[in-house]
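To start, the structure under review is shown below, and the notes come after it.
The values are calculated or read from the model by the stated rules, or taken from the named source; none is laboratory data. Only a predicted model underlies this, so the values are computations on that prediction, with no experimental measurement involved. In this analysis, Cβ positions are derived from the backbone assuming ideal geometry, glycine residues included, and neighbour counts consider all displayed protein chains. To get the accessible areas, we keep the full protein, side chains included, count just its heavy atoms, and leave off ligands, DNA and RNA. Shrake-Rupley method; radii C 1.70, N 1.55, O 1.52, S 1.80 Å.
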Amino acid sequence: MKNIVKKTTLAITVVFTAAVLLAPAPRFRKPLSTVVEASDGSLLGARIAEDGQWRFPAGDSVPEKFKKALLTSEDRFFYYHPGINPVSIIKAFILNIRAGQIVSGGSTITMQVARMAGGNIERTYPAKLREMLSALRLELFRSKKKILTMYVANAPFGGNTIGLEAASWRYTGKAPENLTWAEAASLAILPNSPGLIFPGRNHDRFRAKRDALLKKLHKLEILDSLTLSLALDEPLPGKPMPLPSSAPHITDHFFLTREGEMIRTTIDPRIQEQVNEILERHQKKLAENFINNLACLVLSVESGKVLAYAGNSTGNGDDEYERDVDMIKAKRSTGSILKPFLYAGMQHSGDILPNTLIPDIPTRFPGFTPENFDHTYSGAVPASAALAQSLNIPAVKMLRQYTPLRFLELLRQTGFFSLDKEAGHYGLSLILGGGETTLWELTGAYASLARVLNHYNNEKKYFSGDYHAPVLVDDQKEDPVKTEDPYPPLSASSIWLTFGALLKVNRPSNEAGWQYFSSSGSLAWKTGTSFGFRDAWAVGTTPEYVVGVWAGNADGEGRPGLTGISAAAPVLFDLVNILEPAGWFAEPLEDMTTVKVCKTSGYRAGPFCSDTEEIHACTAGLKSVICPYHQIVHLNSTMTRQVSADCASPSEIRNEAWFVLPPAMEYFYRLKHPEYQAVPPMAEGCAPDRGIPVMEFIYPSDGAKIFIPRDQTGNFTRIIPEVAHRNPSKKLFWHLDENFSATTRHIHQTELIADPGDHTITAVDEDGYTIKCRFTISGETR
């Protein structure tokens, strides 16, 4: 008899064990919502799952308040039973017998997980048995913590809301860990009957159940009397509220690239909220000029982490203005925002020194005529001033010297990967908006420059990893290994000099608004405006933060007044003011050298420079060109005329060092520099000094190729050559291909008509000084 009992017991055990092991393992394969969080775990935004449910990905833990409320309501012995509670099942069976129908299932939380995984099938005894077996299997292979997490993530909370995370945000507008006791109790009772008790309706029944649970928590000494009293006075959750949407363009991005995931970003929620408020305030002002889109990016210099990301001003959600377009990632014309990289590159290579004079005169190229914003010319300006004033012509002159090929390579090394065409495609227009970039690349590149400078000042080394794109999701578990870079794209000294020039950013007085920003403090900042007033840029950097701003219209419509200084810069400074104040970059003296320069020209001092000073510059500056503008002139004893050995005795000749600019530069330079002393004219009877040219062509340049279109009558239009003469009152006689054409005085311009082909213009002044210019005209022939 004993053997029979043993065998029977063993058989039952084997069958039961097999039934448990063969029971379906609870698995949840339903589509999930895409959830985007800030760095502190707060919700930035979410997108609904593809089945129309708000079902957030499961978290790692369950908040303590909700866990206690849930277990008290649903399964007080959760941590003690093996997945099924025999006492609860017996009680439920008796209730069902008395009622004549199934009114209670006696389910534990583990059994409910099994039922939810099976699709909440019909409540029958066979179904209940399968549920119990699945629950036992689940307890064998999963921890209590995991089982509770599965329940909390997949329990129904009414309507299309699944899981605590979604329910907490939709019903209370806060994260689950921030729930009050009353809110936790309200949500804990929903999964038991989500269709009957729903926030916003069945108010009395809902309150009765919540209050009963709160009192039960008090009875179990989980709540004290004061906490209970306060909790009972709290209102019930209302109808579902909209989910937070403080960074909708980031949310859209991850919905397309990482659908169904919960993504923790680097966004600082406090800064993000302030940025949104500032952008909306400025957007209202810009809208008065029909400027409808505004974007901003705030980065941490050290890590490159994105602290705020406003892809577009949201306004009133009006789709008419394409505010759903992420303008941070949109390619737009750069305007002049890349000029600091050219200045830094030329410092790094030794092509110029910080204050080297750069020509600022009328300049024309085939199909391209750069002009300064205020349509004036200075003749010559220090390179740092040209950058601070964002002068276009000096920038083009600098790029012509540096070459577009070298500049394009530098831009790509520093993070501008949108510039994916050959250098010939962009040409010299690259420095004035001939290429496109994104606010993402631009802000990231400026942050990289600041990072390189900071790291060099701290460690006296360069690292290849310092140039990188902004970081929106920090997936790195450990700090990356630093690899020293022996050939950095830019030196710390070149970056420091560039930032120093950007501290002094000013604008011409007729570009309204610059006075307001002239005392901008310790912020290296730059603006840019694209051709046709379609894009306005502003970017500013401190040792800790970089802020980038774009303003314009997503459809590319230009607007008068849509400039970097008037549309983007005011936003930039309001954004900078919300960040913690920072000091200024230390001067990288170990990466610099002392260079003796000419005070007047900014070039390395030559033998004829009398007024010199020593400055800190990049080491490569030691090989820069010596001053070409100081030279020895031979004067009479009164220093009022130039003379030569063939018209004056050696005892009467005074050799003086003189600052002499080329004629075109001198003409415009004198207008803004009354202290400039032009070289005295030649004495009568003396042959001119051929070492000092009297005049030069402003247009065309020698060897130019000019396309001449036809006018409405079918005739070729005219070209207008121009010459600068040191003495404009001198008469000039113009010849085209040896044929006399015109005479000019004071203003040396004339109209010429020439057929397609090679030509030579000759200009002769009344003293016989002659210059020639060869050019080629192209055009359709008939």
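Quick notes on this one:
- Count of region 566-583 residues which are more than 15 Å from Arg281 (Cα to Cα) and buried (at least 24 other Cβ atoms within 10 Å of the Cβ): 0
- Selection from region 761-778 of residues that are under 15 Å from Phe697 (Cβ atoms), open to solvent by 20 Å² or more (accessible area, probe 1.4 Å) and touching a Phe, Trp or Tyr at 6+ places or on another chain (Cβ under 8 Å): Val764, Ile771
- Only one of Asn454, Asn458 that is in contact (Cβ under 8 Å) with a residue 24 or more places away in the chain, in a helix (DSSP H, G or I) and farther than 15 Å from Leu338 by Cα: Asn454
- Among (1) in a helix (DSSP H, G or I); (2) open to solvent by 20 Å² or more (accessible area, probe 1.4 Å); (3) within 30 Å of Thr403 (Cα to Cα) - the single one Arg281 does not satisfy: (3)
- Single condition Arg364 does not satisfy, out of (1) modelled with pLDDT of 95 or more; (2) surrounded by fewer than 20 Cβ atoms within 10 Å (Cβ to Cβ); (3) among the basic types (Lys, Arg): (1)
- Boolean, Ile12 is modelled with pLDDT of 60 or more, more than 35 Å from the chain's Cα centre (by Cα) and assigned to a helix (DSSP H, G or I): no
- Set side by side, the residues Asn192, Asn178, Asn276 differ, and just one is closer than 21 Å to Ile162 by Cα, out of contact with any Gly (no Cβ under 7 Å at 6 or more places or on another chain), without any contact (Cβ under 8 Å) to a residue 40 or more places away in the chain and not hydroxyl-bearing (Ser, Thr, Tyr), which is Asn178.
- Whichever residue in region 744-755 is part of a strand (DSSP E or B) and open to solvent by less than 70 Å² (accessible area, probe 1.4 Å) and, among such residues, is nearest to Cys773 (Cα to Cα): Leu752
- Hey, Leu622 over 22 Å from Ser378 (Cα atoms) and open to solvent by 80 Å² or more (accessible area, probe 1.4 Å) or not: yes
- Only one entry in Pro700, Pro680, Pro663 is in contact with a Cys (Cβ under 9 Å, 6 or more places away or on another chain), surrounded by 17 or more Cβ atoms within 10 Å (Cβ to Cβ) and not acidic (Asp, Glu), namely Pro700.
- Residue count for region 435-451, restricted to those that are open to solvent by less than 10 Å² (accessible area, probe 1.4 Å), in a helix (DSSP H, G or I), within 21 Å of Ser336 (Cα to Cα) and of a type outside the set (Phe, Trp, Tyr): 9
- Test: residue in region 395-410 that is open to solvent by less than 30 Å² (accessible area, probe 1.4 Å), modelled with pLDDT of 95 or more and part of a loop (DSSP other than H, G, I, E, B): no
- Residue in region 232-244 that is farthest from Leu44 (Cα to Cα), counting only those that are surrounded by 15 or more Cβ atoms within 10 Å (Cβ to Cβ) and under 29 Å from the mean Cα position of the chain (by Cα): Leu243
- Scanning region 580-588 for any residue that is of a type in the set (A, V, I, L, M) and within 19 Å of the chain's Cα centre (by Cα) turns up nothing.
- Subset of region 15-59 [open to solvent by less than 70 Å² (accessible area, probe 1.4 Å), farther than 30 Å from Glu177 by Cβ and either at pLDDT 90 or above or not in a loop (DSSP other than H, G, I, E, B) (or both)]: Thr17, Ala18, Ala19, Val20
- Gly100 being surrounded by 20 or more Cβ atoms within 10 Å (Cβ to Cβ), farther than 30 Å from Thr34 by Cα and at pLDDT below 85: no
- In region 477-524, the residues that are in contact with a helix residue (DSSP H, G or I) (Cβ under 7 Å, 6 or more places away or on another chain), open to solvent by 50 Å² or more (accessible area, probe 1.4 Å) and either modelled with pLDDT of 55 or more or among the basic types (Lys, Arg) (or both): Pro480, Lys482, Thr483, Trp496, Lys504
- Among the candidates Thr376, Thr369, Thr314, residue that is without any contact (Cβ under 8 Å) to a residue 12 or more places away in the chain and open to solvent by 10 Å² or more (accessible area, probe 1.4 Å): Thr369
- Taking (1) modelled with pLDDT under 65; (2) in contact with a Phe, Trp or Tyr (Cβ under 7 Å, 6 or more places away or on another chain); (3) of a type outside the set (Ser, Thr, Tyr) in turn, Lys65 satisfies each apart from (1).
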